[in-house]
1. Being exposed (fewer than 10 other Cβ atoms within 10 Å of the Cβ), of a type in the set (D, E) and either assigned to a loop (DSSP other than H, G, I, E, B) or modelled with pLDDT under 85 (or both), is that true of even one residue in region 13-23?
2. I'm trying to understand the selection: among the residues of region 28-44, which are surrounded by 11 or more Cβ atoms within 10 Å (Cβ to Cβ) and not in a helix (DSSP H, G or I)?
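The values are calculated or read from the model by the stated rules, or taken from the named source; none is laboratory data. Keep in mind it's a predicted model, so treat the numbers as computed, not measured. Cβ atoms come from the backbone with ideal geometry, glycine included; neighbour counts cover every protein chain shown.
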Amino acid sequence: MKHLVIGAVAIMLAGCQHEQYRYPCQNSENWKKEICQKPLCEVSRTCPEHIFQESSMDKLSPIIQNVQSQNASKGVCK
């Protein structure tokens with residue numbers, strides 16, 4: 001039983017040696033391959049520019065800061 005557990009753990013850890021990506025185009029080595037070129041990646045929205053786009057919070061950050069500064073300038077509620 002002890003050997004079975006050790007073997008199972010060794011097999012599970014062996015899979016952790018390679019970097020895995022959810023989408024093939026997350027790996028920069030695949031960017032020149034056909035799967036990461038338009039129009040093929042356009043259909044599945046897995047082109048590098050789709051995967052690595054700005055997060056929505058980065059886009060909203062200036063708006064949030066503007067609203068916070070407007071609220072701060074109004075003073076304290078009475």
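1. Looking for residues that are exposed (fewer than 10 other Cβ atoms within 10 Å of the Cβ), of a type in the set (D, E) and either assigned to a loop (DSSP other than H, G, I, E, B) or modelled with pLDDT under 85 (or both), one finds at least one in region 13-23, hence yes.
2. Listed by number, the residues that qualify are W31, K33, Q37.
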